[in-house]
Amino acid sequence: MSGHGDLSPSPWVVRFAPLILDGGRVLDLACGRGRHARHLADRGLHVIAADRDEAALEVVSEVPGVVTCHLDLEDGSPWPWEAEAFDAIVVANYLYRPAFQAMLDCLKPGGVLIYETFMVGNEAFGRPRSPEFLLEAGELLLRLRDEFCPVAFEQGIVGDPPRAVVQRVCAVKDTQPYQLPETTPA
């Protein structure tokens, strides 16, 4: 996973960005300096780049096709978007569980979620270390099970160095979502 100063988009995001509807409206949540917003706008998508860091937003504010939004969900600010507002949502290196369902509700049916962040075990390699900011094993799949069809999922150690423990998913909001089995087959 790329560092905060790196403007190269994540290979995970690049891999699944072609699934987003041409000309679609995309939310890049916790966008930082806009590495994904830039990539998505270059693909002709209309991007809202949201972050609490105003200085980081200034870096991406001049990119054609990107509109910035100063947003700090963790200060108690309400979720600002209505249901089914976006064709895709991209999140990298961010987890705020209280807003997770509101975020999912913002995707239109057929919308694409591309999400990757740190999970339990990352504390052995660096930050974040707090369980508040680390996904549990399989947590993304569990959170998506009722409304989404997974396209791809990964979890585990990445990097050579620096190393990290991450979880990644690309999923499509579906009217007939995939159901995880109650038990694992023998």
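The values are calculated or read from the model by the stated rules, or taken from the named source; none is laboratory data. Just so it is clear, the model here is predicted, and its values are computed rather than measured. Methodologically, a virtual Cβ is constructed for each residue, glycine included, from the backbone with ideal geometry; neighbour enumeration extends over all protein chains shown. Remember, those area values only see protein heavy atoms, side chains included, never the ligands or the DNA or RNA. Shrake-Rupley method; radii C 1.70, N 1.55, O 1.52, S 1.80 Å.
Summary of computed values
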item	result
Residues located in the range 105-128, provided they are under 22 Å from R25 (Cβ atoms), open to solvent by less than 10 Å² (accessible area, probe 1.4 Å) and either in a loop (DSSP other than H, G, I, E, B) or not aromatic (F, W, Y) (or both)	C106, L107, G111, V112, L113, I114, E116
Leading residue by the ranking (most open to solvent (accessible area, probe 1.4 Å)) among those in the range 130-157 that are assigned to a loop (DSSP other than H, G, I, E, B) and modelled with pLDDT of 95 or more	E136
Every residue from the range 54-67 that is open to solvent by 70 Å² or more (accessible area, probe 1.4 Å) and modelled with pLDDT of 95 or more	E54, E58, P64, V67
Residue in the range 71-83 that is within 15 Å of A50 (Cβ to Cβ), open to solvent by less than 60 Å² (accessible area, probe 1.4 Å) and not in a loop (DSSP other than H, G, I, E, B) present	yes
Members of the range 18-35 that are of a type outside the set (K, R) and assigned to a loop (DSSP other than H, G, I, E, B)	I20, L21, D22, G23, G24, A30, C31, G32, G34
